Amino acid sequence: MLKKVFGSAVFGVEATTITVEVNTDTGIGYHLVGLPDNAIKESNYRIAAALQNNGYRIPGKKIIINMSPADLRKEGSAYDLTLAIGILASSKQIKDDDLERYIIMGELSLDGTLQPIKGALPIAVKARQEGFKGFILPSQNAKEAAIVDNLEVYGIDNIKQVIDFFDKGEPLVQTIVNTREEFEKNLDFPEHDFSDVRGQEGIKRCMEIAAAGGHNIILIGPPGAGKTMLAKRLPSILPPMTLHEALETTKIHSVVGRVKETGLMAQRPFRSPHHTISDVALVGGGAFPQPGEISLSHNGVLFLDELPEFKRGVLEVLRQPLEDREVTISRAKFTVTYPSSFMLVASMNPSPGGYFNDPNAPVTSSPAEMQRYLSKISGPLLDRIDIHIEVTPVPFEKLSEDRKGETSVDIRKRVTQARSIQTERFKESDAVHYNAQMSTKQIRKYCVLDDASKQLLKTAMERLNLSARAYDRILKVSRTIADLEGVEEVNGSHIGEAIQYRSLDRDGWLG
């Protein structure tokens, strides 16, 4: 007898409904077709043990299972429950009156308990779009899937619950989540706060500007100057996530199975990969493409500590995502796109020895060694970093002060206000939301300079040997400084401050 059950496959951050057709007939054999991977091919052993341990069995007949569309590669063990229920329905061991109204997914243990799956949120979104009544899945993923409204979500612990639901009509407990309430409940403030930072007032000001305009930033300083400490506190001053951003971010983390049982992610992600990371792990990809670190940083911060230690090829693959705010991975039969709108925060020593800009330490690196070290970072990558700032060690007097600095809450208020100005400014643009994303045309429109400001910028570029690539970056940062002050026009003081934040463009750094 032929029966149909429904599962789902995730490609990129979107799901595709999979129709599992199960046919039992006279004969002997178990045939699974439709491009399943090895994990799915091995499912018959898990299914057989799980059914036997719960009073059911795989019938001694010829079983043919087709996973449609048959030309789409399926992977993972999440189809165990789908296949098991299909086999039971096809062999008339359970009733199948409502079977086609549900998406059913879950990995089976040998005793029939369910293990969590990946991609529950995009699967739930697709199920609602296609008019399914409900989604049956492991209880660990229930809150994540229940974020989607107008879809009944049932979290289960054992296959016996699903069997009794279809065969005997025994009710399952529906998981209900108030998405707005869940979002606001999870908006707890980050654990790292700028009030913990002693001294470094100039650097904190620079971080505030970076957060306000969404500018990528690189911190240059000797070991122990506080670069990592400052970077970890940047998410605490970024504007709170919107519900739309939270859903986008949760979807990406759902695909790789990193959503906690609390469901919706309401904190901006902070990712800090080690410098030994491969380009595939950073950008995403693989035989079965998965999001990389830059996509897991979407709507948050990607921190690259000790930037010159990363392989040059790894750093170069960052260039396109930084420009386009998304990553496209192409394979012979399909293409997937992952969003990757993140703030890049990088840190580095100023020289191989680490103490080039430390006034209290001798310089131990030769000019040739410094040039080799700094040339590991290419000009095109630096083109995409708006702010370069030197970080020097904090004197003992500052470290020992009892007085705490300004809190992240206070800084965040100013940042949020500046972002709201930019949201209003770019409200008619779908691609631009804050100053760092401005095109050349928009820079000319929103960064109009008077004669005095133009002269100041010209003089600075000539005397400090600033490169041409610094010009637009200075104007973007100046626009953000003006927004923090709440003024419409960019003036000489804004230009003057922005010029300070181009350290690596000066003669003597990268040549």
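The values are calculated or read from the model by the stated rules, or taken from the named source; none is laboratory data. Here the structure is a predicted model, which is why all the values come from computation and not from measurement. Note: ideal-geometry Cβ built from the backbone for every residue, glycine included; neighbour counts use all protein chains shown. These accessible areas exclude ligands, DNA and RNA; they are computed on the full protein's heavy atoms, side chains included. Shrake-Rupley method; radii C 1.70, N 1.55, O 1.52, S 1.80 Å.
Exactly one residue out of V22, V10 is at pLDDT 95 or above and either outside any helix (DSSP H, G or I) or closer than 26 Å to L121 by Cβ (or both), and it is V22.
The residues of the range 468-511 that are open to solvent by 40 Å² or more (accessible area, probe 1.4 Å), among the charged types (D, E, K, R) and modelled with pLDDT of 90 or more, listed by number, are E485, E488, E489. The set of residues in the range 404-438 being open to solvent by 50 Å² or more (accessible area, probe 1.4 Å) and farther than 23 Å from E208 by Cβ consists of K427, E428, D430, A431.
Scanning the range 316-337 for residues that are in a loop (DSSP other than H, G, I, E, B), surrounded by 13 or more Cβ atoms within 10 Å (Cβ to Cβ) and free of Cβ contacts under 8 Å to residues at least 12 places away in the same chain yields a count of 0.
Taken residue by residue, the range 65-78 has at least one member that is open to solvent by less than 50 Å² (accessible area, probe 1.4 Å), more than 30 Å from T337 (Cβ to Cβ) and either in a strand (DSSP E or B) or touching a helix residue (DSSP H, G or I) at 6+ places or on another chain (Cβ under 7 Å) (or both).
Of the residues G313, G286, G292, which single one is over 30 Å from T175 (Cα atoms), among the small types (G, A, S) and open to solvent by less than 10 Å² (accessible area, probe 1.4 Å)?
Only one candidate qualifies: G292.
Answer yes or no as to whether E14 is open to solvent by 70 Å² or more (accessible area, probe 1.4 Å) and out of contact with any Pro (no Cβ under 8 Å at 6 or more places or on another chain). No.
Within the range 172-202, if we keep just the residues that are open to solvent by less than 30 Å² (accessible area, probe 1.4 Å) and in contact with a strand residue (DSSP E or B) (Cβ under 9 Å, 6 or more places away or on another chain), the residue that is nearest to T416 (Cα to Cα) turns out to be V177.
Selection within the range 247-270: residues that are among the aliphatic types (A, V, I, L, M), buried (at least 17 other Cβ atoms within 10 Å of the Cβ) and modelled with pLDDT of 90 or more. The member of this set that is farthest from Y434 (Cα to Cα) is V255. Mind listing whichever residues of the range 99-116 are touching a Gly at 6+ places or on another chain (Cβ under 7 Å) and hydrophobic (A, V, I, L, M, F, W, C)? If the condition is that a residue be touching a Gly at 6+ places or on another chain (Cβ under 7 Å) and hydrophobic (A, V, I, L, M, F, W, C), then I103, I104, M105, L114 are the ones that fit. Restricting the range 88-114 to residues that are part of a strand (DSSP E or B) and hydroxyl-bearing (S, T, Y) leaves a set whose member that is least open to solvent (accessible area, probe 1.4 Å) is Y102. So F194 ticks every box in (1) free of Cβ contacts under 8 Å to residues at least 60 places away in the same chain; (2) touching a Gly at 6+ places or on another chain (Cβ under 7 Å) but one. Which box is left unticked? Only one criterion is unmet by F194, namely (1). Pairs needed: first member in the range 134-163, without any contact (Cβ under 8 Å) to a residue 24 or more places away in the chain; second member anywhere, acidic (D, E) and open to solvent by 10 Å² or more (accessible area, probe 1.4 Å); C-beta distance under 8 Å; at least 6 residues apart or different chains. Within 8 Å, the pairs are Q161/E170. Scanning the range 273-304 for residues that are assigned to a loop (DSSP other than H, G, I, E, B) and closer than 20 Å to E248 by Cα yields a count of 6.
Residue-wise test of (1) among the hydrophobic types (A, V, I, L, M, F, W, C); (2) within 28 Å of A346 (Cβ to Cβ).
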{"residue": "T392", "(1), (2)": "no, yes"}
{"residue": "E401", "(1), (2)": "no, no"}
{"residue": "E406", "(1), (2)": "no, yes"}
{"residue": "V409", "(1), (2)": "yes, yes"}
{"residue": "I421", "(1), (2)": "yes, yes"}
{"residue": "F426", "(1), (2)": "yes, yes"}
{"residue": "S429", "(1), (2)": "no, yes"}
{"residue": "I443", "(1), (2)": "yes, yes"}
{"residue": "K458", "(1), (2)": "no, no"}
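Only a single criterion out of (1) assigned to a loop (DSSP other than H, G, I, E, B); (2) closer than 30 Å to L110 by Cβ is not satisfied by V162, namely (1). Checked against (1) surrounded by 12 or more Cβ atoms within 10 Å (Cβ to Cβ); (2) closer than 20 Å to I499 by Cα, D451 passes all but a single condition, namely (1). Just checking, how many residues over the range 44-61 are under 17 Å from I28 (Cβ atoms), open to solvent by less than 40 Å² (accessible area, probe 1.4 Å) and not in a helix (DSSP H, G or I)? The total comes to 1. Taking the range 208-243 as the range and being farther than 23 Å from T480 by Cα, assigned to a helix (DSSP H, G or I) and out of contact with any strand residue (DSSP E or B) (no Cβ under 9 Å at 6 or more places or on another chain) as the test, the residues that pass are M229, L243. Of the candidates R205, R271, the single residue that is of a type in the set (D, E, K, R) and touching a strand residue (DSSP E or B) at 6+ places or on another chain (Cβ under 6 Å) is R271. Could you run through the range 328-344 and say how many residues are in contact with a helix residue (DSSP H, G or I) (Cβ under 9 Å, 6 or more places away or on another chain), over 26 Å from M207 (Cβ atoms) and aliphatic (A, V, I, L, M)? Residues flagged as in contact with a helix residue (DSSP H, G or I) (Cβ under 9 Å, 6 or more places away or on another chain), over 26 Å from M207 (Cβ atoms) and aliphatic (A, V, I, L, M) within the range 328-344 amount to 1.
Given the criteria of a type in the set (K, R) and more than 16 Å from the chain's Cα centre (by Cα), does R233 qualify?
Values: of a type in the set (K, R): yes; more than 16 Å from the chain's Cα centre (by Cα): yes.
Against the criterion (of a type in the set (K, R) and more than 16 Å from the chain's Cα centre (by Cα)), R233 qualifies.
Please work out if I163 is more than 35 Å from the chain's Cα centre (by Cα) and open to solvent by less than 10 Å² (accessible area, probe 1.4 Å). Yes; evaluated as a whole, the condition is true for this residue. Looking across the range 307-340, the residues that are among the acidic types (D, E) and under 17 Å from A281 (Cβ atoms) come down to E309, E316.
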